Amino acid sequence: MDKNSLTAQRRLRCIVSTCLMFTLSVPLAHSQNNKRHPIFTDEGTQGCLVCHSGEKINTIQTGVHGADNPMTRRGCEDCHGPGSFHVSRAHGGKGFPSMVRFGEGPEASPRDDQVRACLACHAPDAEGERAVVFASSAHDWALLSCTTCHSLHTETDRMMDKEGQNATCYRCHDERKVEHPRFKDTTITFEDLKCSTCHNVHRLAARSR
């Protein structure tokens, strides 16, 4: 085969490759531009209760995050995010972005997604007791999520109860249960106090990177 024939074949292969790359890139770009995003459902909590039932699910309805909360607009989706894909009978939610799953473990959502969901209502500029300064706090630096301490699917948050709060704090601060580093020679009875009586756990951490 002469030199001119080889050159012609190379040019042909180049043209075919270019056309193939263009053909494949068009549907890819089209799918990216038309990426579907979940939306809030019309059924709200009632749609969730079709599949999700039991004590934990029903208990939250009577708690501070339940139906009586004036901030509740979309029920479960207020915290867990839009559920249109999740309840889709056609796909069963598979292959789509998952809803926010709180807690720890491989099935839980990323920690930042969990915190972001909570701060949607409990941002620093929120009204009254709902306002929480969490970003850059000591527990934020420790990469804890809100549900590390707070319980939601219960009638009362364990952090609002003295025994529940102290037990939760002692999980990480067990040394304080035996000996408090200050005022140990005074008449203060620490067993009668909640940790938050003195400690503001949402206070900004006195550290910087």
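What follows draws every value from the coordinates through simple rules; no lab data is involved. Fair warning: this is a prediction, and the values are worked out from it, not measured in the lab. Don't worry about glycine lacking a Cβ; one is built from the backbone with ideal geometry, like all the others, and counts go over all protein chains shown.
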Quick one: net charge of ALA167's neighbours, Cβ under 14 Å, K/R +1, D/E -1? +1
Per principal axis, descending, Cα span of the range 103-209 in whole Å: 44, 35, 32
From the backbone phi of the range 188-196, what are the Karplus-calculated ³J(HN,Hα) couplings (6.51 cos²θ - 1.76 cosθ + 1.60, θ = phi - 60°) in whole Hz, Gly and Pro given as x? 5, 9, 5, 5, 8, 10, 7, 4, 6
Contour excess over end-to-end distance, with Cα ends at TRP141 and LEU204 and 0.36 nm allotted per residue: 21.7 nm
Quick calc, ASP113 & SER88: beta-carbon distance into FRET formula, R0 30 Å, rounding 0.05, result 0.90
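What is the extension gain from ILE57 to ALA123, computed as 0.36 nm multiplied by their sequence separation minus the C-alpha to C-alpha distance, in nm to one decimal?
Working: separation 66, 0.36 × 66 = 23.76 nm, distance 2.51 nm.
Length gained, ILE57 through ALA123: 21.2 nm.
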Eligible aspartates and glutamates near LYS56 by straight Cα distance, threshold 12 Å, same-chain separation 8 or greater: GLU155
